[in-house]
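What follows is one structure encoded as structure tokens, with my remarks underneath.
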Amino acid sequence: MASTIQALPTEVVYLITAGEVIDSLASVVRELVENSLDAGATRIVVSLWPQQWRIRVADNGCGMNLDDLQQAATAHSTSKIRSSADLWKINSLGFRGEALHSLTTLADLEILSRPLGGNLGWRIIYGDGGKVVQVEATAIAPGTVVTVSHLFGNCSSRRQGLPTTAQQMKAVQATIHQIALCHPHVTWQICQNDRQWFTICPAATTGQLLPQILPQVRQGDLQEVKLEIPNPLNSEPLTPNSSLLTPHSALSTQHSALNLVVGLPDRTHRHRPDWVRVAINGRMVKTPELEQTILSAFHRTLPRDRYPICFLHLAISPDQINWNRNPAKTEIYLNEIIYWQEQITQAINQALSISSNNLKEAVHTTRVSKLLKAAEAKGSYNFNSQNPNENPKTPNSSLPTPNSLKAVAQVSNTYIVAEHSGGM
């Protein structure tokens with residue numbers, strides 16, 4: 001019987017590999033922006049021309065010298081890992097070295113870069129497979145500008161299978177919002193067809209940044225909690241071979257950080273669980289176990305069929321995470337999941353509890369003081385508790401008449417709390 005197994009042509013291999021990483025305009029933006037963040041950028045400008053399938057990302061990061069630029073788009077080239085042991089010590093957003101190389105198989109790629117402290121910048125155009133086809137010196141501020149043109153131009157079927165332009169732009173916006181929440185110190189400027197689309201200003205904390213992304217939420221509607229929590233005692237590195245990583249690795253820390261931003265359930269909630277978000281070490285991830293933990297913690301505080309606004313960001317020792325589980329790095333394996341669920345539940349309970357420590361002065365003066373305002377002298381009301389069908393000469397013996405009520409508070413401009421001799 002004749003053999004039916006044969007090696008794929010090189011161009012098919014490239015398209016399959018690229019498809020794991022680059023599958024839309026949003027994925028291009030994500031890959032390029034994550035490179036900018038890894039370079040230490042604090043200002044990122046994203047320009048899109050969707051009808052022309054062109055994307056440009058400019059940053060003020062550390063930049064690259066000429067040698068690095070010539071290697072940047074070759075297959076599996078990266079500055080972030082060196083050996084298999086480094087896969088369990090990942091502190092960067094990118095590490096596989098596939099994004100730029102994949103782009104050269106699907107689009108025209110141009111990179112301009114100048115390192116910090118360098119006197120000269122360089123412009124390089126890459127051909128198929130990441131080969132350098134043009135090099136020239138150029139005037140550029142320190143940082144990097146990456147331009148991707150004619151995306152999927154050599155694969156028209158890929159373009160035809162993508163959503164409409166409006167849907168893709170919505171996906172780009174959602175991608176940038178997710179990344180911005182994880183990196184609130186960064187300034188973002190997004191342009192579409194040479195016009196400013198939206199901007200995100202930097203903030204000291206994620207809680208201060210969130211109202212820019214959810215305009216219907218005000219600062220006073222949010223509660224932010226930052227905790228330092230010890231690593232689980234029984235945790236073991238997730239390496240397939242424990243000899244790959246020493247227990248006292250410089251990147252393995254004794255404590256982890258938990259940053260939680262919650263919408264106070266009496267002020268803000270959602271029809272869908274679309275704002276239960278989890279990020280780990282700077283990247284938004286899909287973790288059904290942790291998302292369900294968050295929903296369970298809010299179960300008794302929200303109206304029926306309503307869902308919380310909650311953003312959870314965990315900074316965990318990298319040897320507790322397996323990032324190499326999914327090409328998009330959105331699905332991960334987290335060691336000691338039950339321990340982290342317990343810590344999240346405790347943090348949410350702390351955020352929802354009212355105490356002098358976590359009650360902001362502004363909230364106290366504007367809302368709580370009104371709620372607890374003492375009744376004025378005119379706040380007494382008399383009502384006749386008699387049944388109108390009864391004889392007025394034979395009052396109901398179980399209810400004294402007249403009964404005196406004293407208003408003590410008003411809630412949400414809706415309810416009046418009043419007290420009388422029998423209770424409230």
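Before we move on, is residue 28 of a type in the set (A, V, I, L, M), open to solvent by less than 40 Å² (accessible area, probe 1.4 Å), under 19 Å from the mean Cα position of the chain (by Cα) and within 29 Å of residue 174 (Cβ to Cβ)?
It is true that residue 28 is of a type in the set (A, V, I, L, M), open to solvent by less than 40 Å² (accessible area, probe 1.4 Å), under 19 Å from the mean Cα position of the chain (by Cα) and within 29 Å of residue 174 (Cβ to Cβ).
Identify all residues within the range 334-357 that are under 18 Å from the mean Cα position of the chain (by Cα) and either at pLDDT below 90 or more than 16 Å from residue 292 (Cβ to Cβ) (or both); write none if there are none.
334
Restricting to the range 291-316, name every residue that is within 24 Å of residue 182 (Cβ to Cβ) and assigned to a loop (DSSP other than H, G, I, E, B).
Of everything in the range 291-316, those that are within 24 Å of residue 182 (Cβ to Cβ) and assigned to a loop (DSSP other than H, G, I, E, B) turn out to be 298, 308, 309, 316.
Quick check: is even one residue across the range 116-130 acidic (Asp, Glu) and farther than 23 Å from residue 65 by Cβ?
yes
Considering the range 80-98 alone, what residues qualify as being under 25 Å from the mean Cα position of the chain (by Cα) and either in a loop (DSSP other than H, G, I, E, B) or at pLDDT 75 or above (or both)?
80, 81, 89, 90, 91, 92, 93, 94, 95, 96, 97, 98
Applying the selection to the range 55-74, what residues are open to solvent by 60 Å² or more (accessible area, probe 1.4 Å) and over 25 Å from the mean Cα position of the chain (by Cα)?
Result: 65, 67, 68, 70, 71.
Take residue 34 and decide whether it is open to solvent by 50 Å² or more (accessible area, probe 1.4 Å) and either closer than 20 Å to residue 92 by Cβ or not aliphatic (A, V, I, L, M) (or both).
no
List pairs: first residue in the range 207-236 and more than 13 Å from residue 255 (Cα to Cα), second residue in a loop (DSSP other than H, G, I, E, B) and charged (D, E, K, R) anywhere in the structure, Cβ distance under 6 angstrom, at least six positions apart or on different chains.
Listed by first residue and then by second, the contacts come to 221/267.
Take the residues of the range 233-264 that are at pLDDT 60 or above and surrounded by 18 or more Cβ atoms within 10 Å (Cβ to Cβ): which is farthest from residue 177 (Cα to Cα)?
Looking at residues that are at pLDDT 60 or above and surrounded by 18 or more Cβ atoms within 10 Å (Cβ to Cβ), I get 256.
The values are calculated or read from the model by the stated rules, or taken from the named source; none is laboratory data. These figures come from a predicted structure and were not determined experimentally. Backbone-built Cβ (ideal geometry, glycine too); neighbour counts: all protein chains shown. Just so you know, the surface numbers come from the protein's heavy atoms only, side chains and all, with ligands and any DNA or RNA stripped out. Shrake-Rupley method; radii C 1.70, N 1.55, O 1.52, S 1.80 Å.
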